Amino acid sequence: MKSCVHLLAEVCATTAALDTCNGTEADEFSRQWSRLGCAQLRAGCCWPLDIPHVFLLDARKRRGSLRRQLDPAVWGSLAAQYATAQGYRFPWGLLVEDRSALYHGKACVPGTVFFRIAPTTLWMATREYHSGLASTIPEILRAHAYAIAELIWPVLPQRVELVCNEPYDLCAFAGYGVAEAKTTRSWLARRFLPEHLPPIMNEVREKVIRYCRAQTTLPSTVPLRPTRITLH
């Protein structure tokens, strides 16, 4: 397990790497990275994923919370979610592909796949707003759950289902059975991730920052977009 020093170092290293690129270079790098991720998604070529460090830092806000999050025996903990997690890395975060065919502990149709979106870059880019709050990331997301669903419903096609997601996920989609999982995978790779997710993420980011401002005494002069993030 990585120490808090190492986790903070990763945040600084990521920020420094982005700062060394100018806007055009960063955008092109992000586009190429996203194309590769979508191609891997279409092919079902997923990779092992670690617990995102920004989630571990967030869990440290509450006494005893980090211990619970690192206990794989606790249902819904980060350790339980990412113990065998596989998926894809994108500029905006992680797409976790859950092939366990279990939904909150209950068996589903064989071949069922759940696709979970964890926008880690959103939380890194807005960390100066939410890091000082008592509210954790899951609580911030829960406060915006209906608003996020309203942004997704208009672009949701038939045979693709939006389902209840894990606490640190933005949203999750289910493909019940082999055929529907294939349909969901294709829609995510060809339409949702490259076309629909960027504007949705921009709106969610603004909602998060406004929420954080309302919970603190941050002056209105603090910029709405403190850190440039690329969501291609």
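The values are calculated or read from the model by the stated rules, or taken from the named source; none is laboratory data. Please read all numbers here as calculations on a predicted model, not as lab measurements. Counting neighbours? That spans all protein chains shown, and the Cβs are built from the backbone with ideal geometry, glycine included.
Side notes on the structure shown:
- Residue count, the stretch 60-83 (criterion: among the hydroxyl-bearing types (Ser, Thr, Tyr) and free of Cβ contacts under 8 Å to residues at least 12 places away in the same chain): 1
- Residue check for ILE140: in contact with a His (Cβ under 7 Å, 6 or more places away or on another chain) and not in a loop (DSSP other than H, G, I, E, B): yes
Condition check ((1) in contact with a Lys or Arg (Cβ under 7 Å, 6 or more places away or on another chain); (2) in a helix (DSSP H, G or I); (3) exposed (fewer than 13 other Cβ atoms within 10 Å of the Cβ); (4) modelled with pLDDT of 80 or more) across all residues:
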residue	(1), (2), (3), (4)
HIS6	no, yes, yes, no
ALA39	no, yes, yes, yes
ILE51	no, no, no, yes
ASP58	no, yes, no, yes
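- The conditions of being part of a helix (DSSP H, G or I) and more than 15 Å from VAL113 (Cβ to Cβ) are not met by ARG185.
- Residues of the stretch 83-118 that turn out to be within 16 Å of GLY44 (Cα to Cα), part of a strand (DSSP E or B) and not β-branched (Val, Ile, Thr), as a count: 12
- When the stretch 156-181 is filtered for residues that are surrounded by 15 or more Cβ atoms within 10 Å (Cβ to Cβ) and in contact with a Phe, Trp or Tyr (Cβ under 7 Å, 6 or more places away or on another chain), the ones remaining, listed by number, are VAL160, TYR168, ALA172, PHE173, ALA174.
- Given (1) at pLDDT below 95; (2) within 19 Å of the chain's Cα centre (by Cα); (3) closer than 25 Å to HIS130 by Cβ, number of the condition TRP47 does not satisfy: (3)
- Residues satisfying the stated conditions in the stretch 67-82, i.e. among the aromatic types (Phe, Trp, Tyr) and assigned to a loop (DSSP other than H, G, I, E, B): TRP75
- Of residues in the stretch 83-107 being within 15 Å of CYS164 (Cα to Cα) and either touching a Leu at 6+ places or on another chain (Cβ under 7 Å) or aliphatic (A, V, I, L, M) (or both), the one surrounded by the fewest Cβ atoms within 10 Å (Cβ to Cβ): LEU102
- LEU193, sole failed condition from (1) surrounded by fewer than 21 Cβ atoms within 10 Å (Cβ to Cβ); (2) part of a helix (DSSP H, G or I): (1)
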